[in-house]
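Shown next, in structure tokens, is the structure this report addresses.
Here, each number is a calculation from the coordinates, and none is a lab measurement. Since the model is a prediction, treat every value here as computed from it, not as a measurement. Cβ sites come from the backbone with ideal geometry, for glycine too, and all protein chains shown count toward neighbours.
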Amino acid sequence: EKCIALEGLGIDRVLRIHFDNRFSQMPAEAFIQQVFVEGLDIRFMMAGDDLRFGRDREGDFRLLKAAGQRWGFEVTEADTCELDGERVSSTRIRKALEAGDFALAERLLGRPYAISGKVVYGQQLGRTLGTPTANLQLHRLRAAMSGVYAVEVAGLGDALVQGVANVGTRPTVDDRVKAILEVHLLDFNQTIYGKHIEVCFRKKMRDERKFASLDALKEQIGRDVDAARAWFAEHMV
């Protein structure tokens, strides 16, 4: 999602460095020399005043500014972005998502919050429960939120498709370690494996929880679908 957003802003290239133990132990001065100077041949950098980098977060904006004077590159401070008198930060956005406040998350991001990815094969359990789902692997141990949501899905034609999504570890089924995103599309019956879709979150319906049986889960899914239809009918006319 970050790379797609950056591309839309006209950024030509993004460098993503694998963060492992060796990299985390690199002193700040070595980080500047090896990554910025020797690796990127940097000429200009814009960074926030709360920047921290290098081993034990020892590098800061002041150190970077001094290094720029020594190595011959310019460092400029990025202005702090505020909304309603508070700093816009990833922490504040995550808190909004955890609270299900998608209106605030959209204001902080400047766009609706969405997760995109390729539809992959799952365990096909949704079909046995009467609610087939499109599964997206999140490739992270913990998502920014968990629960059941009313969503709209792009990438399946000209129009958005309404649906019900579950984000979490599926405690009733297998209580997995990594989070997964499952979307049941309303009034939609097409094979979409391999398609790249974007799931836009509109309303949190409930928290994820463990049920005593698959039958109990099936009954709750039915209630979730009904609740999502009612919400869309009222709010997305």
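Only helices enter the 222 nm calculation for the chain: every DSSP H run of n ≥ 4 contributes -39,500 (n - 2.57), and dividing by all residues gives -8000 deg cm²/dmol, rounded to 500. Summarising the amide proton neighbourhood of residue 156: residues at separation of 5 or more, or on other chains, whose placed amide H is nearer than 5 Å comprise an empty set.
The simple spin-label model puts a point 7 Å past each Cα toward its Cβ; for residue 236 and residue 160 those points are separated by 0.6 nm. In this structure, residue 190 and residue 95 have a Cβ-Cβ separation that, at R0 = 35 Å, corresponds to a calculated FRET efficiency of about 0.45. Rounded to the nearest 20, the Cβ-based charge dipole of the chain about its Cα centre (Lys and Arg +1, Asp and Glu -1) stands at 600 debye. For residue 203, the residues whose modelled amide H falls within less than 5 Å of its own, excluding neighbours fewer than 5 places apart on the same chain, are 150.
The amide H of residue 138, built 1.01 Å from its N in the peptide plane, has 181 as neighbours under 5 Å, considering only residues 5 or more places off or on other chains. The packing ranking, built from the mean of other Cβ atoms within 10 Å per residue, places the peptides 102-109, 91-98 in the order 102-109, 91-98, highest first.
The alpha carbon gyration tensor of segment 1-121 gives principal lengths a ≥ b ≥ c with a/c of 1.5 or higher and a/b greater than b/c, which makes the shape prolate.
Across the chain, counting alpha-carbon atoms alone, Rg and Dmax equal 21.8, 68 Å.
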